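Engineer: Once you've had a glance at the structure underneath, I'll fire off some questions.
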Amino acid sequence: MGNNLKLILLILTLLVAFQTKALSQIPIEVVDYSEDMVGQMLVYRVKEKFRESNIFYLPLVPKGFRFRVQISTMDRFKGDDSRSNLSTMYSVIWLLYDDEKFIFPIYLDHTLGYSGRDVVGSTAEEIVARTDKIITQFGELLKMLDKLLKPEGK
């Protein structure tokens with residue numbers, strides 16, 4: 001019974017945190033762990049796509065409730081000087097983060113891939129589109145849980 005109560009409290013906290021931000025733009029923190037030039041280009045393009053968006057914004061000083069997108073990259077052909085900086089391998093992890101309410105971030109999803117220098121823009125668009133999909137699914141889950149937790153007739 002104690003674990004169920006903790007789960008319900010966590011869900012209610014998430015509902016409150018998410019619903020207060022639902023009427024405005026969604027804060028996104030992009031964390032850059034790029035090691036290579038193509039990876040740096042990818043992270044830059046992802047940030048630019050978020051800045052251009054009407055749905056998301058990048059706070060200057062991330063604080064409070066936000067979705068965190070962690071991007072790690074490394075040269076796909078590391079050690080091969082003839083093919084250096086042609087392509088990057090990347091990992092993206094999506095987290096729900098609130099440094100004021102959560103001790104640890106909440107894991108949402110992840111992906112792995114690689115991108116050539118010539119397709120960095122489309123890869124960035126894919127990452128932003130996936131972010132939108134993940135946040136939409138998370139919002140739908142919260143709505144479903146809200147319906148389950150509300151008593152009938154209220």
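None of the figures in this text is laboratory data; all of them are computed from the coordinates on show. Note that this is a predicted model, so its numbers are computed, not measured. Because the Cβ atoms are built from the backbone with ideal geometry, glycine has one as well, and the counts that use them run over all protein chains shown.
Engineer: May I ask you to list the GluC sites (Glu not before Pro) in segment 99-154 that are in a DSSP loop and have at most 11 other Cβ atoms within 10 Å of their Cβ?
Structural biologist: Glu100, Glu152
Engineer: Determine the dipole magnitude for segment 2-149: charges of +1 sit on the beta-carbon of Lys and Arg, -1 on that of Asp and Glu, nothing else is charged, the reference point is the Cα centre, and the result goes in debye to the nearest 20.
Structural biologist: Its charge dipole is roughly 440 debye.
Engineer: Of Lys47/Lys78; Lys47/Lys147; Lys47/Lys101; Lys101/Lys150; Lys47/Lys150; Lys78/Lys133, which pairs sit farther than 29 Å apart, going by alpha carbon to alpha carbon?
Structural biologist: Result: Lys47/Lys147; Lys47/Lys150; Lys78/Lys133 exceed 29 Å.
Engineer: In terms of modelled amide H atoms, which long-range or inter-chain residues lie less than 5 Å from the amide H of Met74?
Structural biologist: So Met74 has HN proximity to Glu35, Met89.
Engineer: Here is a follow-up. Please rank Met37, Met89, Met144, fewest neighbouring Cβ atoms within 10 Å first, as an exposure proxy.
Structural biologist: Fewest-to-most Cβ neighbours within 10 Å comes out as Met144, Met37, Met89.
Engineer: Then there is this: Pairs of Cα atoms under 8 Å, at least six residues apart: use those to get the relative contact order of segment 2-149, whole percent.
Structural biologist: Once divided by the residue count of segment 2-149, the mean separation gives 23 percent.
Engineer: Among residues other than Ser115 whose Cβ falls under 12 Å from its Cβ, what is the net charge (Lys/Arg +1, Asp/Glu -1)?
Structural biologist: -2
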